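The values are calculated or read from the model by the stated rules, or taken from the named source; none is laboratory data. These figures come from a predicted structure and were not determined experimentally. FYI the Cβ positions are ideal-geometry reconstructions off the backbone, even for glycines, and counts take in every protein chain you see.
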Amino acid sequence: SNNQRTVDERLYSICELLEKNITYYNWVGFYFSHATKEELHLGPYVGAPTDHTVIPFGKGICGQVALSHSNFVVPDVKAQDNYIACSITVKAEIVVPIFKNGKNIGQIDIDSNTPDPFSQLDESFLEFVCEQVANILS
Ligand code: SME
């Protein structure tokens, strides 16, 4: 729909803003849960293209957040056994769920080329971003 195009443009702008202004945010994107299947689907993103446009619930950091409904901060991706590598330059990752009317509908996913860069401030800030995102989604 016309409105969906506007939403995707706004989500892309959020990715751009975050990637441009926060030096250790090197890949910024959204994944959204499929309406019926237990899968995440890649939405707007900024950074290197990824082969992982569909991620089953439970698989990788993103898939685990789809089930846990909790933030997942990974200071060292090499220390994770259930991790999906998108780029060899990535050292750390943070995934924060997006709730709409109390339901986990997707997430923001951020990769960093810096080891252990994420603090509680990133979590609080990204929770705020995700609340704003939920408000623009229909
Ligand atoms: N690393 C993620 C996959 C998505 S890429 O980071 C873009 C994971 O383990 O779920």
Item checked: Every residue from the range 75-84 that is more than 8 Å from the ligand (Cβ to nearest atom), touching a strand residue (DSSP E or B) at 6+ places or on another chain (Cβ under 8 Å) and not charged (D, E, K, R) -> P75
Next item on the list: Among what's in the range 77-135 and is small (G, A, S) and assigned to a helix (DSSP H, G or I), pick the residue that is nearest to S33 (Cα to Cα).
Entry: A134
Next item on the list: Test E123 against the criterion of being touching a residue at least 24 places away in the same chain (Cβ under 8 Å), away from the ligand (no atom under 11 Å from the Cβ), of a type outside the set (K, R) and surrounded by fewer than 19 Cβ atoms within 10 Å (Cβ to Cβ), and give yes or no.
Entry: yes
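For (1) at pLDDT 95 or above; (2) within 19 Å of I14 (Cα to Cα); (3) crowded, with 18+ Cβ neighbours inside 10 Å, each residue gets a yes or a no:
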position: P75; (1), (2), (3): yes, no, no
position: Q80; (1), (2), (3): yes, no, no
position: G102; (1), (2), (3): yes, no, no
position: N113; (1), (2), (3): yes, no, no
position: F118; (1), (2), (3): yes, yes, yes
position: A134; (1), (2), (3): yes, yes, no
Item checked: Selection within the range 34-67 - within 11 Å of the ligand (Cβ to nearest atom), of a type in the set (S, T, Y) and surrounded by fewer than 16 Cβ atoms within 10 Å (Cβ to Cβ) -> T53
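S87 - would you say it is within 11 Å of the ligand (Cβ to nearest atom), of a type in the set (S, T, N, Q) and out of contact with any Lys or Arg (no Cβ under 9 Å at 6 or more places or on another chain)?
Working: within 11 Å of the ligand (Cβ to nearest atom): yes; of a type in the set (S, T, N, Q): yes; out of contact with any Lys or Arg (no Cβ under 9 Å at 6 or more places or on another chain): yes.
Yes, satisfied.
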Note to self: Among (1) among the small types (G, A, S); (2) part of a loop (DSSP other than H, G, I, E, B); (3) within 12 Å of the chain's Cα centre (by Cα), there is one condition G43 misses while meeting the rest; what is its number?
What the structure shows: (2)
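Restricting to the range 95-113, name every residue that is more than 10 Å from the ligand (Cβ to nearest atom) and touching a Ser or Thr at 6+ places or on another chain (Cβ under 8 Å). Give the derivation first.
We begin by selecting, within the range 95-113, every residue more than 10 Å from the ligand (Cβ to nearest atom); these are 96-106, 108, 112-113.
Once the filter is applied, which keeps residues that are more than 10 Å from the ligand (Cβ to nearest atom) and touching a Ser or Thr at 6+ places or on another chain (Cβ under 8 Å), the range 95-113 yields P97, N104, I105, G106, N113.
Looking only at the range 1-34, which residues are part of a loop (DSSP other than H, G, I, E, B) and at pLDDT 95 or above? Spell out how you get there, then give the answer.
First pass over the range 1-34, keeping only residues part of a loop (DSSP other than H, G, I, E, B): 1, 22-26, 34.
I22, T23, Y24, Y25, N26, H34, listed by residue number.
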Notebook entry, point to check: Are there any pairs with C-beta distances below 6 angstrom linking a residue in the range 71-85 that is in contact (Cβ under 8 Å) with a residue 40 or more places away in the chain to a residue that is outside any loop (DSSP other than H, G, I, E, B), with the two at least 6 apart or on different chains, and if so which?
Noted result: N71/V96; N71/E123; V73/I94; P75/A92
